[in-house]
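One structure is given below, encoded as structure tokens.
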Amino acid sequence: MLECISSAKVGDDVFGDDNLTLKLQDQAAGILGKDAALFVPSGTMANQIALQTHTQAGDEVILESGSHIYMYEGGGYASLAGVSVKLVQGDRGIMDPVEVKNAIRPPGGLSHYPKTKLICVENTANAGGGTVYPLDVLDSITNLAVGKNLKTHLDGARVFNAAISSGIDIKRIVRDFDSVSFCLSKGLGCPVGSLLCGSYSFIKKAHRFRKMLGGGMRQTGFLAAAGIFALEKNIERLEDDHIRARKLAKSLIDFGYGICLDSVETNMVYIDVSFLNLKMEVVIEFLKKNNVLIAASSDKHLRAVMHLGINNAGLQKAIDVFQNLKTIT
Ligand SMILES: Cc1ncc(COP(=O)(O)O)c(C=O)c1O
């Protein structure tokens, strides 16, 4: 990937003449079966542009209560798109279509209600444990949206993990969504970058919001070269991350750590360390001192993420460190 970056021939993407960025966008749209794609700096910007493109200020968006858009994008839905949010509590991040239906505002109401405009689905669901939406659930939600004349956006930061884990073609997973975002960083291993995909008219409109947010970059060919490499070489190998995540989970369960094995469907393991009776700072410091870099997701949980920088030997070392962690209690 570094060789592709350093040998990239670049143009200026704000003028639309950076050929590698154009190629990456075409390639991404082709892989997802959408008309067009837009290269943006981050998954957060991709989601925020999608909200702005699909909605108008005063509309309402349906989101899962632990979703990235709701929890971790700085409240951008309110300040950038000017929308309100109706939350649906998912089961390990997966929304029940019946509850999504119940969250849609009824028409009329003497103008009391905001207008539901968009349903966002996160697949895989990060805070749910990296869980994968079953296809029938996705279909129910998108059919519901069509019936109610609503738009749908898939926050697919890790949608390739969903495809690899389920064995379902990525095109089929995203087929009925009006827009899809996915990240080149994270499991695909790029230093930076995400893509927002959709119809020609959606991407044309989105392009303007990217500019407004300052996401129009110049010599993006260096980043696009990494993205093209990742789409060609790093998708199939996500399976290795999933296998390693299961291995980590099973080993840690044997040591007494609290893990819901059913939620370990892709590359993440949420680990309840409360049985150690140690302060979270002490746990993280011990792991860090032993070269296991891991962040807390709550005062009880760590979130371990497998990626292409972790091989079997590294995984085994991490497992050994978790075993040793028990001895300091
Ligand atoms: C589901 C989901 N969507 C969006 C993002 C945002 O990506 P970025 O960090 O590139 O802004 C993340 C980041 O972790 C994520 O997990």
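Listed values, structure above:
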| read-out | value |
| --- | --- |
| Restraint check, LYS289/LYS326; LYS34/LYS211; LYS101/LYS186; LYS250/LYS289; LYS186/LYS211; LYS34/LYS171, Cα-Cα greater than 20 Å | LYS34/LYS211; LYS101/LYS186; LYS250/LYS289; LYS186/LYS211 |
| Accessible area in square angstrom per residue, the chain, 1.4 angstrom probe | 46 Å² |
| In Hz, Karplus ³J(HN,Hα) per residue of the stretch 79-93 (6.51, -1.76, 1.60; θ = phi - 60°; x = Gly, Pro) | 7, 8, 8, x, 9, 9, 10, 10, 9, 10, 7, x, 9, 6, x |
| DSSP beta bridge pairing in the chain, given as percent antiparallel to the nearest 5 | 55 percent |
| Estimated vicinal HN-Hα couplings, Hz - the stretch 168-178 in sequence order (Karplus 6.51, -1.76, 1.60; Gly, Pro = x) | 9, 4, 4, 4, 5, 4, 9, 3, 9, 8, 6 |
| Dipole moment magnitude, nearest 20 debye, the chain about Cα centre, only Lys, Arg, Asp, Glu C-beta charged | 380 debye |
| Cα gyration tensor, the chain - rounded (a/c under 1.5), prolate or oblate | oblate |
| Projected label distance in nm at PHE15 and GLN316, using a 7 Å step from Cα toward the beta-carbon | 5.4 nm |
| At R0 = 41 Å, FRET efficiency that the Cβ-Cβ distance of ILE5 and TYR113 yields, to 0.05 | 0.25 |
| Label-to-label distance, nm, for residues given as ILE168 and VAL282 (7 Å Cα→Cβ offset) | 4.5 nm |
| R0 of 30 Å, Cβ-Cβ distance LEU293-LYS233: FRET efficiency to nearest 0.05 | 0.80 |
| Cα gyration tensor shape for the stretch 145-209, rounded if a/c is under 1.5, else prolate or oblate | oblate |
| Dipole of the stretch 2-233, positive end: most advanced residue of ALA224, VAL40, SER111 [Cβ charges, Cα centre] | SER111 |
| Qualifying aspartates and glutamates (Cα of each under 15 Å from Cα of LYS23; at least 8 residues distant if same chain) | ASP12, ASP13, ASP35, GLU232 |
| Sites LYS204 and VAL146, calculated FRET efficiency, Cβ-Cβ separation with R0 22 Å, nearest 0.05 | 0.50 |
| Gyration tensor verdict on the stretch 67-115 (Cα atoms; rounded if a/c is under 1.5, prolate if a/b is larger than b/c, oblate otherwise) | oblate |
| PHE275 paired with ASP26, simple spin-label distance in nm, labels 7 Å along Cα-to-beta-carbon | 5.5 nm |
| Extension gain from ASP91 to ASP176, taking 0.36 nm per residue of separation minus the Cα-Cα distance | 28.4 nm |
| Amide proton proximity set for THR116, modelled H, under 5 Å, gap of 5+ | GLU60, ARG105 |
| Between the stretch 103-163 and the stretch 201-255, the alpha-carbon center distance in angstrom | 21 Å |
| For the stretch 2-233: relative contact order, % (alpha-carbon pairs under 8 angstrom, 6 or more apart) | 31 percent |
| Full-stretch length increase - ASP254, THR327 - with 0.36 nm per residue and alpha-carbon distance subtracted | 24.8 nm |
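The values are calculated or read from the model by the stated rules, or taken from the named source; none is laboratory data. Fair warning: this is a prediction, and the values are worked out from it, not measured in the lab. Here the Cβ is made from the backbone with ideal geometry for all residues, glycine too, and neighbour counts use every protein chain on show. The area values use the complete protein model at the heavy-atom level, side chains included, leaving out ligands, DNA and RNA. Shrake-Rupley method; radii C 1.70, N 1.55, O 1.52, S 1.80 Å.
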